[in-house]
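Working notes, beginning with the structure itself.
The values are calculated or read from the model by the stated rules, or taken from the named source; none is laboratory data. All values derive from a computational prediction rather than experimental measurement. Please note: Cβ atoms are built from the backbone with ideal geometry, for glycine as well, and neighbour counts cover all protein chains shown. Quick note on the areas: whole protein, heavy atoms, side chains included, nothing else; ligands and nucleic acids left out. Shrake-Rupley method; radii C 1.70, N 1.55, O 1.52, S 1.80 Å.
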Amino acid sequence: MSETFSYTPAVLASLAGEAKACVERGDPDLLAVMCHDLLPWAGHEDVDRVLGTVLKLLLRHAGAMRVAEIEAEAFPVDRLRQGWNPQGASIAYLSWKYRQAFGPERDPDLAQAKMLVAAGDSILDIDEGTAVIVDAERGWIDVDPPPSERAAAEATASQRAAENRADLAGALDPAVTVDGVRIVVKANLGTAEEARAAVAAGAEGCGLLRTEFLFLDRDTPPGQDEQQRIYRDIAAVLGNRPLIVRTLDIGADKNVPYVALGREDNPALGLRGVRLSFARPDLLVTQLNAILAGVPPEQCRVMLPMVTEVDELRQVRRLLDAASQAAGRTDRIPLGVMIETPASAVLADSIAVDADFLSVGTNDLTQYVLAADRGNAAVSARADALHPAVLRLIRQAAEGAHRHDRWIGVCGGIASDPIAAAVLIGLGVTELSVAPAAVPAIKAAVRNLRTEDCRKLAERACAAASAHEVRSMAAEALE
Ligand code: PEP
Ligand code: MG
């Protein structure tokens, strides 16, 4: 992982020499390969943008450098502060990088901050040193605002900081609505460091462990021992709280070149998530063994990404049971499904017969329902999970889950937005898995809700004509 992986001065010096020679020979292809080696996650479309930075860095750097430092240089902190999204690169990946750059140890205030992505290329035209107001809640950037607007923004920021402190003070208490309904608030995690922050922020477990982050920044997949150690560390930090490990979700925006099985014209509709697991069962079985060995039985849950029908779940159930038996385990590991394809939402009543729980991945569900690529800045404003078409599918999935007495949660980005809590709860969701920093605010939001009001709001939201309309009614209901 980038935290531990370093390039020694000798390697950097030799790369710098090579890079210089490439430039002198006018050999951009070789430079692109070097750039990709240094930043393995960089897609072809990123190479031109990062190339200059990487080269500059190679030529001037004398000491050992961690991959994270190279990334920070290629995507400077100022840009990250503005939520700069170079080529609409993976939002999940960028938010992971963002958390690495501004983890609580490094900057507690920024760790609480929300992120604004897909601002578009025009942001690069803003002159260095220009004052900007970045409002990630409303999704706008005000360039060179007049003093009155600056003062108003500063007042709002200190009010938010005071609210954050108040939310944090009650963060360890459960989230119970005014009428006594308990909503479980967990955190989406990638590392033990994030698990620590999440527990301190009041998370009741991990609702989504994004294991693909273990596969980034390297040339070969992590073996069973390495994965097992990481899962064990995360489980230990969580104490006896549940840990839902999502099996590898590689493909599309989560590009891992050494696992890819060839070029795809439409990778988002290709071999990703559980489909890739079936194409590479070796990776899946290694991962299941590592989960079984690393996560104590009482905490252990497994969840599958990109499912479209119950047979996929059944196939993995057989592999999981076989691995479990081979490991001498007698307990039955709960196996859940992410609802992130329209098919899985529509067929939730059939999937829930076999699934132990469902969790809605609104990031992908939204992109597939609204035909709006989650990595494309040009359509990102359309990809709003509060769109009534998405909400109707969540309602259908919740009905399917309840028909078989299964719980259903939401682990997509919308769960971290307090404005959405009432609508999601009104649709029948009883678990929200959110960014660690969002746990206190979501718990606080839940405590102000009454489920009957949520249900009425959700009904109106499903009948609305646009996400914009839903947002207005949800904001009104919060007042
Ligand atoms: C989602 O799709 O909503 C989700 C939680 O998974 P990811 O963002 O990792 O694809
Ligand atoms: Mg997803």
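Tabulated results
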item	result
ASN240 vs. criteria under 30 Å from GLY170 (Cα atoms) and open to solvent by 40 Å² or more (accessible area, probe 1.4 Å)	yes
Residue within region 280-290 that is open to solvent by less than 10 Å² (accessible area, probe 1.4 Å), part of a helix (DSSP H, G or I), under 20 Å from CYS206 (Cα atoms) and of a type outside the set (S, T, N, Q) present	yes
Cross-chain or 6+ apart pairs with Cβ under 8 Å, region 152-180 first and free of Cβ contacts under 8 Å to residues at least 40 places away in the same chain, then in a strand (DSSP E or B) and open to solvent by less than 80 Å² (accessible area, probe 1.4 Å)	ALA153/ILE133; ALA153/ASP135; ALA153/ASP142
One residue from ASP405, ASP417 being charged (D, E, K, R), more than 14 Å from ligand 1 (Cβ to nearest atom) and open to solvent by 10 Å² or more (accessible area, probe 1.4 Å)	ASP405
Exclusive hit being surrounded by fewer than 20 Cβ atoms within 10 Å (Cβ to Cβ) and touching a strand residue (DSSP E or B) at 6+ places or on another chain (Cβ under 9 Å), set ARG317, ARG332, ARG301	ARG317
Members of region 279-315 that are within 23 Å of the chain's Cα centre (by Cα), at negative phi and of a type in the set (A, V, I, L, M, F, W, C)	LEU283, LEU284, LEU288, ALA290, ILE291, VAL295, CYS300, VAL302, MET303, LEU304, VAL307, LEU313
Hey, LEU208 farther than 25 Å from VAL446 by Cα and within 14 Å of the chain's Cα centre (by Cα) or not	no
Condition met for GLU312 (within 16 Å of ligand 2 (Cβ to nearest atom), at pLDDT 95 or above, of a type outside the set (Gly, Ala, Ser) and assigned to a helix (DSSP H, G or I))	yes
Residue in region 183-202 that is within 16 Å of ligand 1 (Cβ to nearest atom), among the charged types (D, E, K, R), modelled with pLDDT of 95 or more and surrounded by 20 or more Cβ atoms within 10 Å (Cβ to Cβ) present	yes
